[in-house]
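Notes follow the structure.
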Amino acid sequence: MLTTRHVQLGPCLSQAAPYQNLRAGQLFQFGLSLLFMVCCLEAGTAVGQLPTAELISLSRSGAQVGSTIELQLNGTRLEELQTLAITGDASAIAVEPRTASPRLLSDQPLPTNTFNVKIGETVGPGLVEVRGVGRFGLSNPRRMLITAKPIQIPASEHSNSTTSLALVGNEIVLDRCAAQKLSYFHLQLPVGASLQAVAYAQQLDSRAALSTRLLDANGKELARSRSIGPWPAELNYTTKEATEAYIVVHDLLYQGGGEYPFALEAVISPADAPAPPLELNQLLRPKFEAATDVAVGEVATPPFAAQGVLGDAAGGVDFVAKSQQLLSFRVTSSALEQLTDPRLVVYKVDSVAAADGAASTFKLSQLAEQDDGPTLGRSDVRVRQADPALVWTAPEDATYRAVVLDNQAGVRPSDAQQYLLAVDSVKPGFRLLAYQPFPSNNPAAARPFGSNLMRGGTEALHVLCLREDGYAGPVELFVQGLPAGISCAPMIIPANQTEATLILRANEDAAAWHGELTVSGRATISEQSVERNAEYATVVWSAVPTKNAVQHRRADNLMIAINALDVAPLLVELGDGSVTQIARGGKAPLLIKATRREGGVAECLLRPQHLPPGLALGELKIPADQSELATELTIAADAPVGEYTWWMQNETKVKFKPNPQALSREEAYLAQLQAALAAAVDEPEKQKLTETITAVTAVIEELKKQTAEQEFTVWLPTTPHRIKIVAE
């Protein structure tokens, strides 16, 4: 598990300090800072979910080892950022918030959402994840690239050959696609020189699908390429004569902006000199690293692992197996970002004697075939299992052949078509993938979203279960690393099911906190207790017309934040927290209780989620003037016995004031300024106070609008309910 760097800034606005004189220009900076505060509030006023930090992009997508950079976070609900959490070596990454100048009568400067980040010399090059923590919780992560090579960031327009950016070599360019524009980079190619150039986007959490071209001085195209998922747009060209050339980069659909970063590296090798490795390839190119103990073409005995290239003429692995031997076949290729769609075929190999002393031939009889596994998850995080997995019984003592074919066609890099075939005894098990879902009744509307667990409120963690080698039993989920004031009841993924939702609950006196959690699963398999920790995912981009699907990726870790400044308007509890035991064919009462707080007085529409088999329950409503609802659970006579957990999604409307503390602070500050003005005798001092009062008064008027009570439609998870179904 990667460690996380936390940098805490003290309270942004506290009790005013003694009077301090302002330097020249300080009032102007002060006004800009206040304007920034108001603009942040304005950026997040869309009525929808309760305000939660959403990080859209970083001001730059990388830094060199040993450098100090200025990093700004861009998004919505990023007010009063105080902390950055960066995965990686916590002791070697230092973060210092940049703030505006101190305000008149205050020694507490305003935050600017900008940080100085120092990358220590011991930090290893690679990708890290950056999150911000502020007034509205913890943001979703965005990736940042750490390099050994120097980094160049274009400072001016370079959308044509006359304004092109010079590539000086031994550097990496971090740039952004511009809407309806091209990015031009020029370089000199000596005679006989070889050019290698790669451009990556997806690994930087970019929306861009890159297209690159190599042009000569006259605009003639010499080479072209485009990125495919995590694989780069790649140019390789050897010159026949010395020439000035241009590398042109753009998004395939000519879109651009802060959401479209890319990294470019180009290296020129002299004639007859070996091509040096590209750092971007070493850091970002999908790697296929697998331990094998048999080569394709050999005759193996299970267990064994063999690595090959799809489409290779060698054509599979021969192995011997005993009659009724139960074997597990697992192909790994697409899961390691290879541009493949594998299919597994198992044959029996029969030797056919030839006449007249000729060499024997072989006859292949197909016995089994396996293609994709089932697709798991919802439209926010959907896991397509393109790599085949097969549990198979050998019909007799014989020699067999396992062949991995490719359903994917087209020209691809040679290192993008590899696979690993592992054949072993059957080992039933499971893997878990956990993520924070966007709170909505429509997963297809998911967008990047952080964590803002308010006191007395709930948040959900969705978990997918990838079952292996036929394991179909239940898996109990639980969370480790919970701080004081937070609880999470275990949840059960029932037999033959593949998902469940854990519900985090904060006490009404929970203290502010942010940090990592570990989601784990436990099951009894072959009379042995098996425990697995989950891997994690994050939504990267919402669906848009040009890409009508939610995009997600694996995440380094799972983090949440407790917001101690706000109390959740509403909490709905199913039962009293105890296990309800019901016999098959029986009934049991259930009391649903709504704890209504300020702003949470509307009707609650409750939709059941992950109901146990044999329990039919439709939508329920708690009227606006009530806080309890009594219902009855009826279990079918043929319901499978066992323990189950379920919950309900509460759709309701709440009234909420975003960050009223900001308004209160400014009003208190204004009163302090007015008192100081009444007591002031020095005319220059009076002038400064009067100007500051005018600026603060304008900000207060805006804050009154921005922090006014708003109505939000929300989808809140209830507490879970556990049922034990017994035979009688």
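Between Leu253 and Ser156, what FRET efficiency comes out of the Förster formula 1/(1 + (r/R0)^6) with R0 = 22 Å and r the beta carbon distance, rounded to 0.05?
Once rounded, the FRET efficiency stands at 0.35.
Rolling a 1.4 Å sphere over the protein heavy atoms, what is the accessible area per residue of the chain, to the nearest Å²? The partial results should precede the final answer.
Details: 31410 Å² over 728 residues.
So the chain comes to 43 Å² accessible per residue, rounded to a whole number.
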In terms of the alpha carbon gyration tensor, root eigenvalues a ≥ b ≥ c, rounded if a/c is under 1.5 and otherwise prolate when a/b exceeds b/c or oblate, segment 114-194 is oblate
Thinking of segment 55-123 as a set of Cα atoms, what percent of all their pairs are more than 17 Å apart?
47 percent
How large is ³J(HN,Hα) for each residue in segment 581-587, as worked out from phi by the Karplus curve 6.51 cos²θ - 1.76 cosθ + 1.60 (θ = phi - 60°), to whole Hz, x for Gly and Pro?
9, 9, 7, 4, x, x, 9
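Between Glu683 and Ala512, how high is the FRET efficiency from 1/(1 + (r/R0)^6) when r is the Cβ-Cβ distance and R₀ = 30 Å? Nearest 0.05.
Once the sixth-power term is evaluated, E becomes 0.10.
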Rg and Dmax of the chain, Cα atoms only, in Å
30.5, 122
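Report the FRET efficiency, 1/(1 + (r/R0)^6), for Gln188 and Thr292, where r is their Cβ-Cβ distance and R0 is 51 Å, rounded to 0.05. Mind dumping the intermediate values first?
Values: r = 44 Å, r/R0 = 0.86.
After rounding to 0.05, the efficiency reads 0.70.
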The set of residues whose placed amide H lies less than 5 Å from the amide H of Asp566, leaving out same-chain residues fewer than 5 positions away, is Arg455
Karplus-derived 3J(HN,Hα), 6.51/-1.76/1.60, for each residue of segment 236-245, Hz, glycine and proline x:
10, 8, 10, 7, 9, 8, 4, 7, 8, 9
Label points 7 Å out from Cα along the Cβ direction at Val352 and Glu603: separation in nm?
7.4 nm
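What number comes out for the charge environment of Asp341, summing +1 per Lys or Arg and -1 per Asp or Glu over other residues with Cβ under 12 Å away?
Numbers: positive: Arg343, Arg384, Arg412; negative: Asp371, Asp372, Asp387, Asp406.
Value of the local net charge: -1.
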With just the Cα atoms of segment 613-721, tell me how far they stretch along each of the three principal axes, in Å, largest first.
88, 27, 18
Sort segment 518-639 into rounded, prolate or oblate with this rule: let a ≥ b ≥ c be the square roots of the eigenvalues of the Cα gyration tensor; rounded if a/c is under 1.5, and if a/c is not under 1.5, prolate when a/b is larger than b/c, oblate otherwise.
oblate
Rounded, prolate or oblate, given the Cα gyration tensor of segment 361-417, with a/c below 1.5 counting as rounded?
oblate
Please report the antiparallel percentage of the DSSP beta bridges confined to the chain, to the nearest 5.
90 percent
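State the percentage of accessible surface on segment 581-643 attributable to carbon and sulfur atoms; use a 1.4 Å probe and exclude ligands, DNA and RNA.
Numbers: 1680 of 3310 Å².
The computed percentage sits at 51.
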Taking 0.36 nm per residue of sequence separation and subtracting the Cα-Cα distance, how much length would be gained by fully extending the chain between Thr301 and Gln72, in nm to one decimal?
76.8 nm
Find, among the GluC sites (Glu not before Pro) in segment 505-586, those assigned to loop by DSSP (not H, G, I, E, B) with at most 11 other beta-carbon atoms within 10 angstrom.
Glu527
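Run the numbers for Glu709 and Lys181: contour at 0.36 nm per residue of separation, minus the present Cα-Cα distance, in nm.
Working: separation 528, 0.36 × 528 = 190.08 nm, distance 4.24 nm.
Length difference between fully extended and current span is 185.8 nm.
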Let me check against my output: what whole-number percent is the relative contact order of segment 82-177, with C-alpha pairs under 8 Å and at least 6 apart?
23 percent
Working note, segment 393-527: Cα radius of gyration (Å, one decimal) and Dmax (Å, whole number) are 21.0, 68
Work out from phi, with θ = phi - 60° and the Karplus expression 6.51 cos²θ - 1.76 cosθ + 1.60, the ³J(HN,Hα) of each residue of segment 266-281, listed in order in whole Hz, and give x for Gly and Pro.
9, 10, 10, 10, x, 4, 6, 9, x, 6, x, x, 8, 5, 4, 5
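Show me the helices of the chain, taken as full DSSP H stretches, that run 24 Å or more along their long axis by Cα and average -0.5 or above in Kyte-Doolittle hydropathy.
Helices meeting the criterion: 26-43, 660-679.
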Out of residues 5 or more away from Ala489 or on other chains, whose amide H comes under 5 Å of its own, with H placed 1.01 Å from N in the peptide plane?
Ile503
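Rounded to the nearest 500 deg cm²/dmol, what is the calculated helix-only ellipticity per residue at 222 nm for the chain, with -39500 (n - 2.57) per DSSP H run of length n ≥ 4? List each step's numbers first, then the result.
Working: 4 runs with 68 residues, N = 728.
Calculated mean residue ellipticity at 222 nm is -3000 deg cm²/dmol.
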What nm distance separates the two modelled labels at Lys657 and Phe478, each placed 7 Å from Cα along Cα→Cβ?
4.2 nm
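The values are calculated or read from the model by the stated rules, or taken from the named source; none is laboratory data. This one's a predicted model, so the numbers in the text were calculated from it and none came from an experiment. Using ideal geometry, Cβ is built from the backbone for each residue, glycine included, and neighbour counts are taken over all protein chains shown. Areas reflect the complete protein model, heavy atoms only, side chains present, ligands, DNA and RNA absent. Shrake-Rupley method; radii C 1.70, N 1.55, O 1.52, S 1.80 Å.
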